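Below is one structure; the comments refer to it alone.
Taken together, the values in this text are just the output of simple stated rules run on the coordinates, not laboratory data. Note that this is a predicted model, so its numbers are computed, not measured. Cβ: placed from backbone, ideal geometry, glycine included. Neighbour counts: every protein chain shown.
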DNA sequence: GCTTGACCTTGACGTAACGTCAACGTATCT
DNA sequence: AGATACGTTGACGTTACGTCAAGGTCAAGC
């Protein structure tokens, strides 16, 4: 048999056969006088075995290990482990499909949204336009929602998770408006302290404890300050005060 | 924000962020005087968006397409298509796990077998040792069984599938023994024709028609001859005759 | 004898999404 | 000033082959 016959016999390409020779998965057969490889039935059997293991999902390195160990012992271990891998993969896919379905449903109703239906609802509740703080808040929440759905566990998500729940915004709009008024104010403006206090009063206890905990996490301090620097001075000051007050309270 | 802050915020590595810059998925931010990249909240939002799409299973190229088209239209199409992909993958994994489970069950009973339980049974029924034809047959059947489980559809599998069913071997052993007797015989030996006729008589009609069909398939002729060349002349002659007789009959 | 076309040979680059050095400048703490 | 941690660009490694490239071999038809 020549290489293309062997290949079609096993349902692979000639390149694949040569690749397996290269990796040592398949022994090089005799060569004819012209240099052509000459295969026998035995080679086809081995090739088929390699293919079968590979198609079960073993890497070619693992296939080599299995072939090398003439005992059946290693094979069993790998297959068991492989099955566990596949099970995990199945779960992951199911999860992705679920999120995908939710996204599709939301996309049908509101073609421009890019987050979960619940979060989309919250965001629609926010004042629109480029009013300074609302925009900041919108971005922050979008970020938190996005991150919490994908990365699963980051500090930002932990910190802001309470705020991504719709109830948090039930009476929040008016506070946002008052923050916006501080856009061009001085950090010493008397309204700063007032807004901070009202904001603190607005947050339920359980939210506060969760947020304090993740605020103290080392590593959170980094971007926390960086983000505050993006706000006008007076608004940033509000949050400095807010954190202080929450810590006293918590 | 500096790059590592952005990265931890989104739950990725700095390498990933730079990679996205390189691919144009994420705009390069301002540089500080020292050359460091300086990120803002907006960048984090974009990065999170990229990540989310990527984690849903879109390739980075596809992510770029989605981002490029500011309409939501393309997104929907890709998501629908992606869901179909995932569904196919799920099915494939389920299939692999099923085959894997069968293999494991068989391995527990007979640690040395490498094919399906049914086929393992057939092979155990074959005379063992290096008696010429039985060994050839064993290899051929192993090959057919292996190929038919992995590649799914090759000509060899089609041709030999009838033979991989256990009933085919119910009364076959004696014929194999008679073939073995021809190992050193002359192709003109009178027993050749007899064995060919008995072999033909042994095969049920429905098997014959299937086999004839795939024997006529162009492309099958290739390795068919190559395999016959591996047999002693008299045995090869038996099969030449056999094929002729089957064709007259079918 | 010559061309044509189908096959064979080896060698090498391309793919996807980053991980992982390397070699070097920068900021910070002691 | 030195150690440590972080930033920069550049380039190679990973997986399982696909896909040229550049050439040798073989059977068939002119």
> Any residue in the range A:26-33 that is more than 15 Å from DNA strand D (Cβ to nearest atom) and surrounded by 15 or more Cβ atoms within 10 Å (Cβ to Cβ)?
Replying inline: yes
> From the list B:200, B:236, B:196, B:226, which residue is closer than 18 Å to residue B:140 by Cα, in a helix (DSSP H, G or I) and touching a residue at least 40 places away in the same chain (Cβ under 8 Å)?
Replying inline: B:236
> For the range B:10-33, how many residues meet the condition of being over 16 Å from residue B:49 (Cα atoms), within 8 Å of DNA strand C (Cβ to nearest atom) and outside any helix (DSSP H, G or I)?
Replying inline: 2
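This table checks each residue for (1) more than 8 Å from chain A (Cβ to nearest Cβ); (2) farther than 21 Å from residue A:139 by Cβ; (3) under 41 Å from the mean Cα position of the chain (by Cα).
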site: B:7; (1), (2), (3): yes, no, yes
site: B:17; (1), (2), (3): yes, no, yes
site: B:20; (1), (2), (3): yes, no, yes
site: B:26; (1), (2), (3): yes, no, yes
site: B:31; (1), (2), (3): yes, yes, no
site: B:38; (1), (2), (3): yes, no, no
site: B:52; (1), (2), (3): no, no, yes
site: B:55; (1), (2), (3): no, no, yes
site: B:72; (1), (2), (3): no, no, yes
> (1) closer than 30 Å to residue B:228 by Cβ; (2) away from DNA strand C (no atom under 16 Å from the Cβ): which one isn't true of residue A:57, the others all being true?
Replying inline: (1)
>> For the range A:34-68, give me each residue that is surrounded by fewer than 13 Cβ atoms within 10 Å (Cβ to Cβ) and at negative phi.
In response: A:34, A:36, A:59, A:61, A:68
>> If residue A:64 satisfies all but one of (1) closer than 29 Å to residue B:93 by Cβ; (2) without any contact (Cβ under 8 Å) to a residue 40 or more places away in the chain; (3) more than 9 Å from chain B (Cβ to nearest Cβ), what's the number of the condition it fails?
In response: (2)
